[in-house]
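Here is the structure we will look at, set down as structure tokens.
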Amino acid sequence: MPAVQRLCILGSTGSIGVSTLDVVARHPDRLSVYALSAHSRIEALAAQAVRHQARVVIVPDDAARARFIAAWPAGRSLPEIRQGAQALADTAADPEVTAVMAAIVGAAGLPGALAAARAGKRVLLANKEALVAAGALFMQAVRDSGAELLPIDSEHNAIFQCLPQSTDRARAPDRPAPGVRRLLLTASGGPFRCTALDQLEHVTPDQACAHPNWRMGRKISVDSATMLNKGLEVIEAHWLFAMPLERIQVVIHPQSVVHSMVEYADGSILAQLGQPDMRTAIAYGLGYPDRIDSGVGLLELTRLGRLDFETPDLRRFPCLRLSLDALEKGQGACITLNAANEVAVDGFLHGRIRYTQIPDIIARCLDDSATSSVRMPTSLDEVLDLDARTRRMASGFCESVS
């Protein structure tokens, strides 16, 4: 029987974290919780720590610590409470931890994911910024430490499952897998796939967050609507699988049943299918190389009736075009793309800018020479500095158009 894994879940109260804990609870013989972290949902964090007997929790500041203690049941021993950004990285590298679920959304999740990679952990990567903003640094850390890297995004997890079977699949590759011709990333097209283009500037945050297939947080739901999310996934696939941009294709697949595909040199295409439920990918990462129960129900293919595939319209999804352009320009442009998008999406969700102004803000930041000139940051500090500069710039642009 495999040794029990001791998990650190960074971002445990988000959708990925909640799904991870659901899978963990199904396998007490092989999975246990060592540490949990949250930024704002502190009462939910306390409830999770009670249920899963976490030994450590990480909170952002003194106020969050006080809220956690107030929410803790009387008479029970408190877990160790660590606080601050450095505590996230330190806990990810803690010798007691064997696997880290990196599920903090945004650049805030980058230091913890990188620390886990440098410490040689099994890294279950659900944080996009680790590769979008610091792909070269992150993958080198995986190589140097001998860490295991298992992608949790449904698309990358699908590709991972469809790649040639080998004993070192979870190590960072330096070239495409042998015999692979192309990677095909599927995208649902989001809630506005068929909306008239002249109606897009009037859409509301609630409409943008109403994903037709997946249940996700509001920020990632907007990214799915704009297909910026798919652009980030192309950048991630480039780093995860050492695949050049010209050998990665995005395909609209409204049913979200085929999660992605790998095309081989002989013309064969292998696809991974499943319910639109992140617990499938999470269970694959937690159990690898074994298959374990995820709690996901049967996929009734006979009820589907059809599977459709389309080429994405870049007029409808300019954020996808901006993402592909950024990957061609280099890592600095990818950092700028991601940071500008986070600010623009936040502005849209809070009513400061319109939906159609999100790509405008990103494009203006990418056009700025101070950000586009940085091709390959050599340290985490450089990555975070460019990220911060871009955020200030994007915030200024949001104020100027609001």
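The values are calculated or read from the model by the stated rules, or taken from the named source; none is laboratory data. Just so you know, these numbers come straight off a predicted model, no measurement behind them. For neighbour counting, all protein chains shown are included, and Cβ atoms are generated from backbone atoms with ideal geometry for every residue, glycine included.
If only one of 288, 284, 264 is touching a residue at least 60 places away in the same chain (Cβ under 8 Å), more than 18 Å from residue 149 (Cβ to Cβ) and hydroxyl-bearing (Ser, Thr, Tyr), which one is it? The conditions single out 264. Residue count for the stretch 56-111 under the criterion of being out of contact with any His (no Cβ under 7 Å at 6 or more places or on another chain) and not in a helix (DSSP H, G or I): the result is 32.
Screening the stretch 22-41 for residues that are crowded, with 22+ Cβ neighbours inside 10 Å and not in a strand (DSSP E or B) and picking the one that is farthest from the chain's Cα centre (by Cα) gives 23.
Could you go through the stretch 372-389 and let me know if any residue there is over 23 Å from residue 85 (Cα atoms) and at pLDDT 95 or above. No - not one qualifying residue is present in the stretch 372-389. Of all residues in the stretch 269-279, none are within 29 Å of residue 330 (Cα to Cα) and modelled with pLDDT of 95 or more. Restricted to the stretch 259-278, and to residues there that are of a type in the set (A, V, I, L, M, F, W, C) and either over 19 Å from the mean Cα position of the chain (by Cα) or surrounded by fewer than 18 Cβ atoms within 10 Å (Cβ to Cβ) (or both), the residue that is farthest from residue 305 (Cα to Cα) is 265. The stretch 313-389 holds helices (runs of 4 or more DSSP H) entirely within its bounds, and those carrying 1 or more residues that are of a type in the set (Val, Ile, Thr) map to 331-349, 357-367, 369-372. Taken over the stretch 160-208, the criterion of being among the hydrophobic types (A, V, I, L, M, F, W, C), in contact with a helix residue (DSSP H, G or I) (Cβ under 7 Å, 6 or more places away or on another chain) and in a helix (DSSP H, G or I) is satisfied by 208 alone. For first residues located in the stretch 20-32 and over 12 Å from residue 287 (Cβ atoms), partners that are outside any loop (DSSP other than H, G, I, E, B) and charged (D, E, K, R) and lie 6+ apart or on another chain with Cβ distances below 6 Å form the pairs 32/6. Among all positions in the stretch 289-310, there is no residue which is part of a helix (DSSP H, G or I), small (Gly, Ala, Ser) and more than 18 Å from the chain's Cα centre (by Cα). Each residue in the stretch 116-138 was checked for being closer than 21 Å to residue 288 by Cβ and either within 10 Å of the chain's Cα centre (by Cα) or buried (at least 22 other Cβ atoms within 10 Å of the Cβ) (or both), and 12 of them qualify. In the stretch 284-342, of all residues being touching an Asp or Glu at 6+ places or on another chain (Cβ under 8 Å) and aliphatic (A, V, I, L, M), the one that is surrounded by the fewest Cβ atoms within 10 Å (Cβ to Cβ) corresponds to 296.
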